[in-house]
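No lab work stands behind these numbers, since they all come straight from the coordinates. Here the structure is a predicted model, which is why all the values come from computation and not from measurement. So basically every Cβ, Gly included, is an ideal-geometry build from the backbone, and we count neighbours across all protein chains shown.
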């Protein structure tokens, strides 16, 4: 450690200067915090924080790759009692004549029955389902890959767009998903859980399973699917959560 | 005019990085708790009692119920500042050679034990030291290591799919989350002990983290240049 001889005046002046700078900076930090919380909200999040969440998305989105697969597990690892979390969009009775509505880029709509979907090649996945709350559960799901589904129904132009939107029949729940995540090989339109028909509280007749996202994006009871180059509305992103929520 | 002997302890960079880290760490722990509340499942069984993280009154006392979205947005914004500040601090230690004063030396463990005995008033006298004693070296280096693993486990929880390998290296998602939590507890303990020690060490020591120097009365032999040189060589 360097040692010098200073006169007391210099010692005093330096000490005062340092403490003034210290308290000014701490004061500024406090003001910054107050300023942050005085900012308007954007989608339920403080505007500056929302901007950073969007920047984070830009930083981490390039990581999303068809080659990066979520870890899968052997069948026997799958939980039998699958946790149910959230009833939004399921509170109205299900229409017995449910059909999946797909809105094409052109505006045309197609209606697809569950039986038609079941005719497509089936994919099973056992993966660690992760909730934004912090819990996780290894669960087993079956259905058709979204990319296979898009291919079969000739949605090639649609999957060139930036986002997919999905809404429950009663419009009580809705998600927006970036296309790279939607066409990820582990993303499925799911109609089976643990090898059996999807239970009502798990989104019968058709739900999304998208392992590269937190659970809130795995919308239950899909009513319609549409495509967009702008962000489709998203239930939880309106409540202050990140829109991307990629894992 | 009277003169004083001025011992320069902390460089400007160290002081700024230290005091920037203080509020950042506070925000990270606070927002981390807001996130943890949403799935507050950790318990520690010690013999016949169970330590719950945390008792319910704690959440009421600090008013942190049901603020998950807020906690996440804060955590994922301030994580950048916390990480950048930490990385700059580490690089500074390396390139300024300050690490030589901070990383544990060869006899650190044995000396740290002696420091501990001394601090607990069991034994008198301390081993000779430079800027920091062996216990400090271990504690401060430990804090840097904690910071490193904080970032690693944090990334593993943040992107467990895309950074699958990192998550596996941490022992899986659940393990990484527990590790991240334990590191937070250790960080909090570090801060607690650090603050107690700073209080015990007294005003001059605390003030040197703001001004950078400590002053001492000049003893008669200090005027001899040889002695000053001797002090310098201690650096």
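Quick notes on this one:
- Cα gyration tensor shape of region B:1-150, rounded if a/c is under 1.5, else prolate or oblate by comparing a/b with b/c: oblate
- Shape category assigned to region B:65-122 from the gyration tensor of Cα positions, a/c cut at 1.5: oblate
- Report summary: the helix-based calculation at 222 nm, which adds -39500 (n - 2.57) for every DSSP H run with n ≥ 4 and divides by the residues of chain B, gives -21500 deg cm²/dmol.
- Per residue of peptide B:161-167, the mean number of Cβ atoms on other chains within 10 Å of the residue Cβ is 6.
- Note on A:45-58: average number of Cβ atoms from other chains within 10 Å of each residue's Cβ is 3.
- You can think of it this way: the chain between residue A:170 and residue A:75 has 30.8 nm of extra reach, that is 0.36 nm per residue less the Cα-Cα gap.
- Springs join every pair of Cα atoms under 10 Å in this Gaussian network model of chain B, and among B:119, B:60, B:45 the largest mean-square fluctuation is at B:45.
- CD proxy at 222 nm, helix term only [per DSSP H run n ≥ 4: -39500 (n - 2.57); per residue of chain A; nearest 500]: -7500 deg cm²/dmol
- At full extension, residue B:80 and residue B:124 could sit 11.4 nm farther apart than now, given 0.36 nm per residue minus the alpha carbon distance.
- Going from the fewest other Cβ atoms within 10 Å to the most, the residues A:72, A:8, B:184 appear in the order A:8, A:72, B:184.
- Shielding of B:207-219 by partner chains, average beta-carbon count, 10 Å: 3
- GNM top mover of B:120, B:74, B:91 - chain B, alpha-carbon springs below 10 Å: B:120
- Considering only B:30, B:57, B:80, the Gaussian network model of chain B with Cα springs below 10 Å gives its largest mean-square fluctuation to B:57.
- Rounded to 10°, Cα long-axis angle of helix A:8-38 versus longest principal axis of chain A: 20 degrees
- Shown for A:31, A:131: other C-beta atoms within 10 Å of each C-beta, ranked fewest to most, produce the order A:31, A:131.
- Cα-based shape type of the protein assembly as shown, given that a ≥ b ≥ c are square roots of the gyration tensor eigenvalues and the cut on a/c is 1.5: prolate
- Exposure proxy order (Cβ contacts within 10 Å, fewest to most) of B:89, B:132, A:37: A:37, B:132, B:89
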